[in-house]
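The values are calculated or read from the model by the stated rules, or taken from the named source; none is laboratory data. If you're wondering where the values come from, they're calculated on a predicted model, not measured in any experiment. Here the Cβ is made from the backbone with ideal geometry for all residues, glycine too, and neighbour counts use every protein chain on show. Heads up: the accessible areas ignore ligands, DNA and RNA and are worked out on the full protein's heavy atoms, side chains in. Shrake-Rupley method; radii C 1.70, N 1.55, O 1.52, S 1.80 Å.
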Amino acid sequence: MNFEQGSGMQNFPFRVTIPDIGTIFCLAVSGIDSDVPIEYTASGQRKTPRLPGLRKGPDVTLKLCRTDNPEAITQWYLDIRSNSNIVRRDITVELINDVDNSAVACWNVSNAWPKALKCINNGSDGKDPYTYIETIILAHEGVAEKPSRTYNDQTHPAQTLTLLNKVHLP
C-alpha cells in the first residue's frame, strides 16, 4: 500500500506490518503497553523483599483497519481457529508522522496470532480497492517498544508528544 500525499493513508496514523501478510493501516491501536507486577517472596524476615514477576499485558487491538490483502488475514485467522496451521508472527506497529511518513514510535509484538476478527467490509462503491476491518484482536507473548530515535533522528520530542496527543487511543 502506498502512504503518499493524496492516497488517503494520512487518515490512518498506525502502520502495522505482518510478515507474509503485508501492511495494515489503522486508526487506533490499544494494548501496546506492558506491566511488570511486583511479587512477594515467602521469607522469614520482617521485611519481605519485593521482586519483579512475569511480564503481562493485554491483547493488542487494531481498530478501523484498512488493507489490500484481506484474504491472507482471514486465512491466518481461520487456520488458528481450526487448529490446522498455528502460525505466530512477530508484528511491528508504528505511529506514522503524517508530514514525512516517518515512524515516530515503534513497538514489536512477539509471537502474535489473531484471536478475533470482526466485520470485514469490502469497498462497496467499486472505487475503493481496499478492504476495511473493524477490529483485529491479537494475542501475543510480549510487547517491546523501540526507541523513536532509531527511526527518525530529526523528530523533536515535543513533536512526538504532539503527534501522540492527536491520536486518541481507546
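Data table
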read-out: Selection from the range 78-105 of residues that are surrounded by 18 or more Cβ atoms within 10 Å (Cβ to Cβ) and touching a residue at least 40 places away in the same chain (Cβ under 8 Å); value: Arg89, Ile91, Val93, Glu94, Leu95, Ile96, Asn97, Ala103, Val104, Ala105
read-out: Hey, Ala112 touching a His at 6+ places or on another chain (Cβ under 7 Å) and crowded, with 19+ Cβ neighbours inside 10 Å or not; value: yes
read-out: Evaluation of Thr74 against (1) under 16 Å from Thr17 (Cα atoms); (2) open to solvent by less than 30 Å² (accessible area, probe 1.4 Å); (3) not in a strand (DSSP E or B) (one fails), failing number; value: (2)
read-out: Residues located in the range 115-148, provided they are at pLDDT 90 or above, open to solvent by 80 Å² or more (accessible area, probe 1.4 Å) and in a loop (DSSP other than H, G, I, E, B); value: none
read-out: Residues located in the range 87-102, provided they are hydrophobic (A, V, I, L, M, F, W, C), over 15 Å from Leu27 (Cα atoms) and either out of contact with any Asp or Glu (no Cβ under 8 Å at 6 or more places or on another chain) or assigned to a strand (DSSP E or B) (or both); value: Ile91, Val99
